[in-house]
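Nothing in this text is a laboratory measurement; each read-out follows from the coordinates by a stated rule. Please read these numbers as outputs of a predicted model, since none were measured by experiment. Using ideal geometry, Cβ is built from the backbone for each residue, glycine included, and neighbour counts are taken over all protein chains shown.
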Amino acid sequence: MEVLSRRRLTAALAARQLLIERERLRPAEAIRRLTPLQAQHPTAPYYGLAARLDGFTRADLEADIGARDVVKTTISRLTLHLVAGADYPAYAQLTRQTRMRKWRKDYAHLDEARVTRELGDWLRTPRSNVEIRDRVRRYEGVPDETYAPVFFARTLLPLVQLPPGGHWDDRGRASFVMDARALPDPGDAALLVLKRYLGAFGPASRRDAAAWAGVAQRDFAEAWRRLETVSYRDERGTELLDVPGRPLPPASTRLPVRLLGRWEQALLAYADRDRIIPPELRPLKLTLSGDQTVTVDGRVAASWLLERGSAAVRVTVTPHVDLTRAARRAIRSEAERTARFCEPDATSVSITGV
C-alpha cells in the first residue's frame, strides 16, 4: 500500500480545494466541488471563494443565493453553512441522522409523523426564530430554553434561510422556510456526501469523514461499502481512502499564499489536521477562535484582520511561524488583493505585520 507523505497530502488538499490556481466557476458549482462553506460569519464564504475563484464578485454569490442554487442553512455540527442547492437534501438527510436518534429518545411520547406534518405545513410560510420558538414550545417536553425549540424543528425538517441570509451584509435576522425538495434515502444521502467529501478532501480516514460531517461513523458505514475506493497510508500508518482518479500532486508542488476566512472548512475537514495546521500551532486553537488564517506552502502560518477607516483599509497580519522574505512579499501581495476585494472603494490599503 502506497504511503503518502505529509507534504503530498498537503498538496492534494490544496489542489482539491482550488488553492493552487484560481478557476473560473459559478459560486454554486464551486461550492458543490468544495463541499458546504462555513457561514457562521457572513463574510467568510466570500473570502473563501475570493481565494479560489478568478473574477469572483459578491454579486455572483448573491445571485446564486437568490436563485436558490445556493442555500444558507444549519447542517454539519449544527453550524451555519452555504450549500449547493442541488446537494442540500443529501447533506440535510445525512447530518440529521445522529440528531434524529436523540430526538426520538427525548420525544418518544410524541407522534413523529404528526409533528413533522404539522410543522412542515406551518413552515411552508417563512418564519422567524422567535415564531418557531413560540410554535414548538406547544409540544409537551420541549425545554423552555432559547435554542431547544429551534433545534427541535431543524432536526425534523430541512429548514433554509431566505435572502438576505447568506449575503455579504447578512445581519442575522433571517426568515426560515422548509426546503421543498424531498429528502433522499439515508443510505443514498450518505453515499453522495461521502463522494463529495473525498473529492474535496481525500485521501482521508473513516474517522476524518465522520468528524467533518458531525455524525457517527456508522452513518457512513453503508456508503463506505457501496463506494469504490483506493487505499493509502499516511506516515503514521493510518489507512486513508479516496475515490479513484482524483488529483495527487507531487510533494514538490508549489502552493501559493492564500488568505482564508473564519472557520475555513479546510481546517475543519479532518480529525488529524496536521496536513494544514502544523502541530506547533495547535495550542493557538485557531479552529475554535475562528481566526482568519494565512496559508504558506499549504499550511497555516499566520492570522489576519482587516480594519476599515473612513476611506483607508489596513490589513494586520500576525505570523505564527518564521517567514522567509519571499513569503512575506507574497503575503503582502495577497493581502492587498483580498483588501481590494473586501473594500473596493477604499482609497488606500496598508499591510502591517509582515
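Taking the helices alone, the chain has a mean residue ellipticity at 222 nm of -11000 deg cm²/dmol, built from -39,500 (n - 2.57) per DSSP H run of at least 4 residues and averaged over all its residues.
Rounded, prolate or oblate, given the Cα gyration tensor of the chain, with a/c below 1.5 counting as rounded?
Oblate, because a/c is 1.5 or more while a/b does not exceed b/c.
Could you give the length gained by full extension between residue 329 and residue 140, i.e. 0.36 nm per residue of separation minus their alpha carbon distance, to one decimal place? Please list the in-between numbers first.
Working: separation 189, 0.36 × 189 = 68.04 nm, distance 6.10 nm.
Difference between extended and current length: 61.9 nm.
Placing a label point 7 Å from the Cα of residue 348 along the Cα-to-Cβ line, the residues of the stretch 279-316 whose backbone N sits under 15 Å from it are 308-315. In this simple spin-label approximation, residue 148 and residue 216 carry label points 7 Å from Cα along the Cα→Cβ vector, and these lie 2.3 nm apart. Ranked for footprinting exposure by Cβ neighbours inside 10 Å, fewest first, 343, 2, 118 give 2, 118, 343.
Would you kindly state how much longer the chain becomes between residue 105 and residue 274 on full extension, computed as 0.36 nm times their sequence separation minus their alpha carbon distance, in nm to one decimal? Walk me through the numbers on the way to the answer.
On the way: separation 169, 0.36 × 169 = 60.84 nm, distance 3.69 nm.
Here the answer is 57.1 nm.
Sorted ascending by nearby beta carbons within 10 Å, beginning with the fewest, 130, 177 become 130, 177.
Counting only the Cα atoms, the stretch 3-178 fills a convex hull of 132 Å³ per residue. Lys/Arg Cβ at +1, Asp/Glu Cβ at -1, dipole of the chain taken about the Cα centre: which of 136, 163, 224 is farthest positive-ward? Toward the positive end, the furthest listed residue is 224. Among the trypsin sites (Lys or Arg not before Pro) within the stretch 241-344, those in coil by DSSP and having at most 16 neighbouring Cβ atoms inside 10 Å are 254, 285.
Mind checking which helices in the chain clear 18 Å along their axis (Cα) and have mean Kyte-Doolittle hydropathy of -0.5 or more, DSSP H runs only?
Values: long enough: 88-106 (26 Å, -1.76); 186-201 (22 Å, 0.75); 325-342 (25 Å, -0.93).
Span-like helices in the chain: 186-201.
What's the center-to-center distance, using Cα atoms, between the stretch 177-247 and the stretch 29-94 in Å? Comparing the Cα centres of the stretch 177-247 and the stretch 29-94, I get a distance of 19 Å.
Taking neighbour Cβ counts within 10 Å as the exposure measure, how do 122, 304 sort from fewest upward?
Numbers: 122 16, 304 24.
Least to most surrounded, the residues fall as 122, 304.
For residue 169 and residue 2, what is the calculated FRET efficiency with R₀ set at 41 Å and r taken between the beta-carbons, to the nearest 0.05? Efficiency, rounded to the nearest 0.05: 0.30.
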